[in-house]
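The values are calculated or read from the model by the stated rules, or taken from the named source; none is laboratory data. None of these values were measured; they are calculated from a predicted model. Positions of Cβ are backbone-derived with ideal geometry, glycine not excepted, and every protein chain shown enters the neighbour counts.
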Amino acid sequence: MSVLAVVCYLICYFGSCERVQFKRPEKASGAPKSNFLKNLVTNRALLAIILAAIFLLLSQLTLSGMSQYIFPDYYNSPDAVSLSSLLSNLGILVLAFVATPLSKRFGKREISIAGMLLSTAAFLICFLLRPGSVWVFTAFYVVAYLGLGVFNTVIWACIVDVIDYGEVKNGVREDGTIYACYSFARKLGQAASSGLTGGLLSLVGYTELTRTDPAVLNGVFNITCIVPIVGFLLVALVLIFLYPLSKKAVEANGAELARRRARQ
């Protein structure tokens, strides 16, 4: 399958024709490379969205990993793993159709904050109630996924806002550099999350022999709820206090760039 993927990428690369030719502005052609690093580390919006994305990935991927344990072991319902995943993905699919109008009405930052607070609240209530029914837990799980799905749906559109912010601030548009830095940061988050689930399970003493121990099962439940509570709340706090691109700020940046281009 990996060979087939490489072949498909090669076909796309050699079979594509770039019809839009971009001419680099004269004033940017001699910009020193050191400016790129300076622009990146001083881009508050980029640093904040990277931090939020890392917290999101750590929480979401840990939650996905823990679903392989809480449903079959704690609730003794292996079939609920696939059902919860199906319902969550269907909800995110619906969100894909409403994310754009919601973003235009309220702003991408604003709906992302609301979504992350919804996810935090869902797992906080679930942790406090500790439902004995797998279906009740699944309902909390799906609601939480809907909340994080809001941010996941608009996060790449937020990168465009970050690029605009950088251009307004520094006078240079660095699409490729910003996308590359953000993508690399996401890879770091994904790599870090790969061992987090196993480490947390070891922390509560989960093994093949102890998987039915009540204390270990309680630890599995606690991890499944507490990690998303902390992680999603951190994402919301980053968006509230560190990420500067509210709906009003995005519109102001767009208007400023339009004025600059009109003068060229």
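Here are some notes:
- Screening residue 206 with (1) surrounded by fewer than 20 Cβ atoms within 10 Å (Cβ to Cβ); (2) not in a helix (DSSP H, G or I) gives one miss only, at (1).
- Taking the stretch 30-79 as the range and being touching a Pro at 6+ places or on another chain (Cβ under 8 Å) and β-branched (Val, Ile, Thr) as the test, only 62 passes.
- Counted residues, the stretch 111-131 - those being touching a Leu at 6+ places or on another chain (Cβ under 8 Å) and buried (at least 20 other Cβ atoms within 10 Å of the Cβ): 7
- Count of the stretch 75-103 residues, restricted to those that are within 21 Å of residue 219 (Cα to Cα) and part of a helix (DSSP H, G or I), is 3.
- Positions within the stretch 58-70 being of a type outside the set (Val, Ile, Thr) and buried (at least 23 other Cβ atoms within 10 Å of the Cβ), in sequence order: 59, 60, 63
- Pick from the stretch 227-264, criterion buried (at least 16 other Cβ atoms within 10 Å of the Cβ) and aromatic (Phe, Trp, Tyr), ranking: nearest to residue 169 (Cα to Cα): 243
- The one condition in (1) in contact (Cβ under 8 Å) with a residue 24 or more places away in the chain; (2) surrounded by fewer than 22 Cβ atoms within 10 Å (Cβ to Cβ); (3) aliphatic (A, V, I, L, M) that residue 162 fails to fulfil: (2)
- Looking at 172, 160, 143, just one residue is hydrophobic (A, V, I, L, M, F, W, C), modelled with pLDDT of 90 or more and closer than 17 Å to residue 39 by Cα, and that residue is 160.
This table checks each residue for (1) crowded, with 16+ Cβ neighbours inside 10 Å; (2) of a type in the set (A, V, I, L, M, F, W, C).
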site: 99; (1), (2): yes, yes
site: 102; (1), (2): yes, yes
site: 109; (1), (2): yes, no
site: 133; (1), (2): no, no
site: 136; (1), (2): no, yes
site: 144; (1), (2): yes, yes
site: 155; (1), (2): yes, yes
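- Annotation: of all residues in the stretch 212-245 being without any contact (Cβ under 8 Å) to a residue 24 or more places away in the chain and assigned to a helix (DSSP H, G or I), the one that is nearest to the chain's Cα centre (by Cα) is 237.
- Subset of the stretch 123-149 (residues that are farther than 23 Å from residue 78 by Cβ and of a type in the set (Gly, Ala, Ser)): 147, 149
- Scanning the stretch 200-211 for residues that are among the hydrophobic types (A, V, I, L, M, F, W, C) and free of Cβ contacts under 8 Å to residues at least 12 places away in the same chain yields a single hit, 209.
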